[in-house]
Amino acid sequence: FAWGGGGSGVNRVDVSTDGGQTFTRADLLPKPIKQRRGAEWSWQLFEKDIPLTPEQAEKIKKGEKIDIMLTSKALNTAWNSQPEHPEANYNPHGCCVNHWYKVPVSYDPNATSDKRGDPGDFENKPTGGSFRAPFKNFEQPPKLVEKRKMEKQDKQ
């Protein structure tokens, strides 16, 4: 899913299987409700079938594992594009996950079952990031720092 931000709709979503080196346009799915311009607050669903590269297909035929980095970026109705990295648009209030979204996928033709993330890992973590606890942004930073100190003392 994609979101335009600030009530803007989504004009386009581009997807990639090589970490963002090359992109192709995804198909936007119809929304079940009509929203007026400037008040588009719902997520925009999208999809795209992308064929494997000849190199990837050859590896699979040989029984070799391949790694794919699914990447998406949205362009809103003002044609603003998501930034590649979060650093340029860091928001100290916590809403900083607006960069390209990346999902690493490994495909092993010899696998006998699906593999999940390690126990304690979170399914929807920011690209390249890690959570040590579920992400919650209900408290102001000074209160949160004090709470973490107390929790650490309680564990000792």
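Determine, from the Cβ-Cβ distance of LYS62 and HIS85 and an R0 of 30 Å, the FRET efficiency 1/(1 + (r/R0)^6), rounded to the nearest 0.05. Computed FRET efficiency for LYS62 and HIS85: 0.30. If you take all other residues with their beta carbon under 9 Å from the beta carbon of ALA26, and give Lys and Arg +1 and Asp and Glu -1, the sum is 0. Taken over the stretch 21-83, lysine pairs spaced eight or more positions apart, or on distinct chains, with alpha carbons under 27 Å apart number 10. Extending 7 Å from the Cα toward the beta-carbon at both GLU151 and TRP43 defines two label points whose distance is 2.5 nm.
We did not get these values from a lab; they are worked out from the coordinates using the rules stated. Only a predicted model underlies this, so the values are computations on that prediction, with no experimental measurement involved. Cβ sites come from the backbone with ideal geometry, for glycine too, and all protein chains shown count toward neighbours.
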